[in-house]
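Notes follow the structure.
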Amino acid sequence: MSRVLITGSSDGLGLLAAKLLIEQGHRVVVHGRNHDRSREALEAAAGAEGAVTGDLSTVAGAKTVADEANKLGQFDAIIHNAGIGYREARRAESDPGVPNIFAVNVLAPYILTALIGRPKRLIYVASGMHQGIRPRMDDLLWTKRTWSGGSAYAESKLCDVLLAFAVARRWKTVLSNALEPGWVPTKMGGPSAPDDLTEGSITQAWLATSDDAPAQSTGGYFYHQRPLSPNPITNDIATQEQLLTECRRVSGIPLIDD
């Protein structure tokens, strides 16, 4: 039995993963951006051990989630599932200077990774939209470019893979992997999305708890429980380090090495 924290688990893939893990006998802590959403998550994921609350669009909110998680004790796995989708028509900010897509999709997982006691496994939910993207590492906050919600989302998901691989390289005692769930019919994906919603959540749960050899690897990228080649730039150490430097600059929080 494992103890698993899942961010963004009041609906969609995060909730499905929570339900699946609970059915399998694991201890699950859910997350909501406010107390209403956390309550909804606890009601929907019957049998969840508890909830943490915090708005991941702000540095302060991400720190609150980390503090609440640490008060609950050690986790075996953390699934970084919370995300904002590609339909953001304008560059919205909660923290000044930081677009919400970057804040929730990239900066929050970085902060939680840096501040929560290290689990045995870290899982970062990415997207197939990261393929083919060449990130602007000098403009991850989109202050120099004309805003594009789709491009900002795709770039943020590439950053999630960069983060997963950077952690895998730096932390030798933690299994750190990324996955793409497919284009699934969630609020983010929309009702016409063609992929299977259940399959996306199964891969999250599998990476968090399975004894299968692939799930016990690190620095991998998966789709429906099978390894998949990510955008080649995600393996570039210099680009990984650029992302960590920018996240540290924006958040003021370092990622400590082993």
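The values are calculated or read from the model by the stated rules, or taken from the named source; none is laboratory data. Being a predicted model, the structure only gives us computed values, none of them experimental. Positions of Cβ are backbone-derived with ideal geometry, glycine not excepted, and every protein chain shown enters the neighbour counts. Note: accessible area is taken over every heavy atom of the protein model, side chains too, but ligands, DNA and RNA are not part of it. Shrake-Rupley method; radii C 1.70, N 1.55, O 1.52, S 1.80 Å.
Let's see if you can work this out: charge +1 on each Lys and Arg Cβ, -1 on each Asp and Glu Cβ, no other charges. What is the dipole magnitude of the chain about its Cα centre, in debye to the nearest 20?
Details: 26 positive and 28 negative charges, 80 e Å.
The calculation lands at about 380 debye.
Report the local net charge at Arg3: Lys and Arg +1, Asp and Glu -1, summed over other residues whose C-beta lies under 15 Å from its C-beta. Present the calculation step by step, with values, prior to reporting the outcome.
Values: positive: Arg27, Lys71, Arg118, Lys120, Arg121; negative: Glu49, Glu68, Asp76.
With Lys, Arg at +1 and Asp, Glu at -1, the net is +2.
Measure of size requested: the Rg and Dmax of the chain, with Cα atoms as the atom set and Å as the unit; please supply both.
16.4, 48
Which whole-number value in Å² is the accessible area per residue of the chain, probe 1.4 Å? Intermediate results must be reported in sequence, preceding the final value.
Numbers: 10690 Å² over 258 residues.
Roughly 41 Å² per residue, with all protein chains present.
For the chain, calculate the relative contact order in percent as a whole number, restricting contacts to Cα pairs under 8 Å that are 6 or more residues apart. Present the calculation step by step, with values, prior to reporting the outcome.
On the way: 539 pairs, mean separation 47.5, N = 258.
Over the chain, the number comes to 18 percent.
Summing +1 for each Lys or Arg and -1 for each Asp or Glu, what net charge is found among the other residues whose Cβ lies under 11 Å from the Cβ of Glu241?
Values: positive: Arg169, Arg170, Arg248; negative: Asp236, Glu246.
Computed value for this residue: +1.
Can you tell me, using C-alpha contacts under 8 Å and at least 6 residues apart, the relative contact order of region 1-64 as a whole percent?
Working: 120 pairs, mean separation 19.0, N = 64.
Computed over region 1-64, the figure is 30 percent.
From the helices alone, meaning DSSP H stretches of at least four residues, give me the mean residue ellipticity at 222 nm for the chain, per-run term -39500 (n - 2.57), in deg cm²/dmol to the nearest 500. Could the numbers behind the result be given before it?
On the way: 7 runs with 93 residues, N = 258.
Result for the chain, helices only: -11500 deg cm²/dmol.
Counting DSSP beta bridges with both partners in the chain, what percentage is antiparallel, nearest 5? List each step's numbers first, then the result.
Working: 3 of 24 bridges.
The antiparallel proportion sits near 10 percent.
Under Stokes-Einstein, with the Kirkwood radius over Cα pairs standing in for Rh, what whole-number D in µm²/s applies to region 3-77 at 25 °C and 0.890 mPa s? Don't skip to the end; give the middle numbers.
Numbers: Rh = 11.9 Å.
The diffusion coefficient I find is 207 µm²/s.
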